[in-house]
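> This is the structure I want to talk about, given as structure tokens.
The values are calculated or read from the model by the stated rules, or taken from the named source; none is laboratory data. Remember, it's a predicted structure, so these values are computed and weren't measured experimentally. Glycine gets a Cβ as well: all are built from the backbone with ideal geometry, and neighbour counts include every protein chain shown.
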């Protein structure tokens, strides 16, 4: 779904549409882990994973489009490098912390914390909307 979504957002001028899609689907992604608390069959897991993939298909191209438009000229490699390094290091650190929390307090506690921090992370997107290009 990323390709058709990316095609549509490229056709619409301005960044406000990109931002609101990214923000709305980031919030939905943040809430998805709550479904894991209620899954009891493999089919339910597949359905949750389907929706997670669909929601990510909306956030990834919109985020990448906004990020790409705001990269400083002649610093593209550096800024992409910093972005991916920070994402990878943060992912590794959070995986270790998540493992510790799951082992110490259980998966339910971990899932609740993931949802709380993910929603807060999504809300941190709101201040950037004032820096986006209008139509």
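> Do you know which residues across region 3-14 are part of a helix (DSSP H, G or I) and either touching a strand residue (DSSP E or B) at 6+ places or on another chain (Cβ under 6 Å) or loosely packed, with under 15 Cβ neighbours inside 10 Å (or both)? Break it down into steps so the answer makes sense when it comes.
The first filter runs over region 3-14 and keeps only residues part of a helix (DSSP H, G or I), leaving 3-11.
Passing the criteria: 3, 4, 7, 8, 10, 11.
> Being surrounded by 12 or more Cβ atoms within 10 Å (Cβ to Cβ), more than 14 Å from residue 118 (Cα to Cα) and either at pLDDT below 95 or out of contact with any helix residue (DSSP H, G or I) (no Cβ under 7 Å at 6 or more places or on another chain) (or both) is the filter here, so list the residues in region 15-43 that pass it. Full working, then the answer.
Looking only at region 15-43, we keep the residues that are surrounded by 12 or more Cβ atoms within 10 Å (Cβ to Cβ), and these are 15-36, 39.
In the following step, the residues that additionally are more than 14 Å from residue 118 (Cα to Cα) were identified as 15-21, 35-36, 39.
Correct list: 15, 16, 17, 18, 19, 20, 21.
> How many residues does region 124-135 hold that are without any contact (Cβ under 8 Å) to a residue 24 or more places away in the chain and surrounded by 11 or more Cβ atoms within 10 Å (Cβ to Cβ)? Quick ask: steps written out before the conclusion?
Filtering region 124-135 for residues without any contact (Cβ under 8 Å) to a residue 24 or more places away in the chain gives 124, 127, 130.
Now narrow it down to the ones that are surrounded by 11 or more Cβ atoms within 10 Å (Cβ to Cβ): none.
Of the residues in region 124-135, 0 are without any contact (Cβ under 8 Å) to a residue 24 or more places away in the chain and surrounded by 11 or more Cβ atoms within 10 Å (Cβ to Cβ).
> Considering each of 60, 67 in turn, give the residue that is farther than 25 Å from residue 35 by Cα and in a helix (DSSP H, G or I). Show your work before the answer.
Working: 60 fails: farther than 25 Å from residue 35 by Cα.
So the residue among 60, 67 that is farther than 25 Å from residue 35 by Cα and in a helix (DSSP H, G or I) is 67.
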